[in-house]
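One structure is given below, encoded as structure tokens.
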Amino acid sequence: MCDNKVKYSAPMTNESYVMIGYVEIEESCGNTDAEGDTLVCNDCKYDSAAQDHRANAKADRETYTSAGYGEL
């Protein structure tokens, strides 16, 4: 992926784990968000090399999970 930053909203909770709103977080392109989804900037969204990388990573996760190693 690239060095661009991606903004997303994540749930914010208090000490009792009651959701009180959302907080905006900025992460690097290619990192995962609070739900484990890969963050992709607008430049990489349509880049075929980045799409191939994401497809390979997804296939690796599925292989490891089905083999009993857990999720990557």
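Brief remarks follow.
- Count - residues of region 29-48 that are over 10 Å from the mean Cα position of the chain (by Cα) and either loosely packed, with under 11 Cβ neighbours inside 10 Å or not in a loop (DSSP other than H, G, I, E, B) (or both): 6
- In region 1-16, the residues that are free of Cβ contacts under 8 Å to residues at least 12 places away in the same chain form Cβ pairs under 7 Å with partners that are surrounded by 10 or more Cβ atoms within 10 Å (Cβ to Cβ) and assigned to a strand (DSSP E or B), at six or more places apart or across chains, as follows: M12/I20; M12/Y22; M12/V23; T13/I20; N14/I20.
- S16 among the hydroxyl-bearing types (S, T, Y), modelled with pLDDT of 90 or more and surrounded by fewer than 14 Cβ atoms within 10 Å (Cβ to Cβ): no
- Residue within region 50-67 that is touching a strand residue (DSSP E or B) at 6+ places or on another chain (Cβ under 8 Å), of a type outside the set (D, E) and part of a loop (DSSP other than H, G, I, E, B) present: no
- In the condition set (1) assigned to a strand (DSSP E or B); (2) small (G, A, S); (3) at pLDDT below 80, S9 is compliant with all but (3).
- Flag for E24 being loosely packed, with under 12 Cβ neighbours inside 10 Å and either outside any strand (DSSP E or B) or touching a Pro at 6+ places or on another chain (Cβ under 8 Å) (or both): no
The values are calculated or read from the model by the stated rules, or taken from the named source; none is laboratory data. No experiment lies behind these values; they were computed from the predicted model shown. Here Cβ is always computed from backbone atoms with ideal geometry, including for glycine, and neighbour counts include all displayed protein chains.
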